[in-house]
1. Within the range 192-226, track down each residue that is under 19 Å from the mean Cα position of the chain (by Cα) and assigned to a helix (DSSP H, G or I).
2. So, in the range 33-56, exactly how many residues are crowded, with 16+ Cβ neighbours inside 10 Å and out of contact with any helix residue (DSSP H, G or I) (no Cβ under 7 Å at 6 or more places or on another chain)?
3. Go through the range 156-180 and report how many residues are touching an Asp or Glu at 6+ places or on another chain (Cβ under 9 Å) and at pLDDT 80 or above.
4. Of everything in the range 231-244 that's within 18 Å of Gln158 (Cα to Cα) and surrounded by 17 or more Cβ atoms within 10 Å (Cβ to Cβ), which residue is modelled with the highest pLDDT?
Amino acid sequence: MTDAPTVLVTGATGFVGRRLVPELVARGLDVRAMTRRPEQYDGPGVAVGGDVTDRASLSDALAGADVAIYLVHSLDDPDFERKDAEAARTFGRAAKAAGVQQIVYLGGLGEEGSDLSPHLRSRREVEGLLGEAGVPVTVLRAAIVVGAGGISWELTRQLVKNLPAMIVPRWVSTRTQPIALDDVVRYLAGVIGQEAALDRVFEIGGPEQLTYLEMLQVAAEISSGHRVPIVRVPVLTPRLSSYWLALVTDVDVTTGRNLIDSMGTEVVVTDRSILDIVPGEPIPYAEAVRRALDESGRS
């Protein structure tokens, strides 16, 4: 692979993409920011039009690209599993035809063979479909990404901001391993062009394993200076939980339901081999919260 590869970033205007593109440009890479509306793109890199569900649109976007970063999902669609599978298969074939040498995909944490939710099961399926045509895939599996604009973080931020007290379901006791957006960007950038990262799966996370309840309390203390009273109830179905979230946050019912389905599954890092490729200790959760709140305040 060339010393300064040409990198196509799908979802360039999304939560992770809009932070990743500037980092790659700062590292001296030739970056293409793929979006369905390139005429509206005003960020760094070269804007290119493309839609992962439209094979014809991908030919020009991928032509000459060495690496493709895949940051696309359809979590807000009731039929997201089928749509994400079709998109991944289409993109993988187009990347192979264009001579792409590496696809980097941000997937979801979750033990192999565990009872994965539809959301996590779909992320796992996409991993395989992206490489089905033969392009080596580097997978980074993450749990909750803490950063302004991220769906999971926005749920946390808005809950502790909007509610003086909370009645919460059992899934708040599930352990997870949140990761700062800055670290996700660092890992994504760090595996580009790395031979040792081809056709490998890496788990990425912050330094702490926390329950959702602990995450809420830390976020509340940092944002308001005090903890939020929380009462756990034994029965609160995913459907009722999603309506509750839609009532007190701006996250829609479909997205909320798909996320909540995943929150009963423990998702923690069990393999830290990513540090062999991209060394450096990750940012603690409290600092990630401070950075996210600061960015939210600026925007």
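The values are calculated or read from the model by the stated rules, or taken from the named source; none is laboratory data. As the structure is a computational prediction, the values presented were derived from the model and not from experiment. No Cβ is skipped: glycine too gets one built from the backbone with ideal geometry, and neighbour counts run over all protein chains shown.
1. Residues satisfying the conditions are Ala197, Tyr212, Met215.
2. 3
3. 6
4. So the residue we want is Ser241.
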